[in-house]
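We did not get these values from a lab; they are worked out from the coordinates using the rules stated. Since this is a predicted model, take the numbers as computed values, not measurements.
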């Protein structure tokens, strides 16, 4: 074989192989206010058993964390 030795150790893209990443992207696309707990529950409902730590990592890496609503506070004058 005429391949360099480093090509054997070349890491492939894990997001292309993992079906959980695409499912998480689909879930957070439809429900933007879902956190990692709801996303994990939805994944289990869809038949994928994924650790919540992995869901948190994937959501953090892809910037899918929910945006928190700011409460309106009226300050007395």
Practice problem: Subtract the Cα-Cα distance of residue 2 and residue 49 from 0.36 nm times their separation in residues, and report this length gain in nm to one decimal. | Solution: 12.8 nm
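When the chain is fully extended, how far beyond the present Cα-Cα distance does residue 61 get from residue 74, taking 0.36 nm per residue of separation? Can you show the working numbers first?
On the way: separation 13, 0.36 × 13 = 4.68 nm, distance 3.60 nm.
Additional length available on full extension: 1.1 nm.
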Quiz prompt | Paired Rg and Dmax values of the chain, which use every Cα atom, in angstrom | solution = 18.8, 79
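With N denoting the number of residues in the range 17-61, provide Rg(C-alpha) divided by 2.2 N^0.38 Å, to two decimal places. Working shown, then result.
Numbers: Rg = 9.1 Å, N = 45, 2.2 N^0.38 = 9.3 Å.
Taking the Cα Rg and dividing by 2.2 N^0.38 Å, one obtains 0.98.
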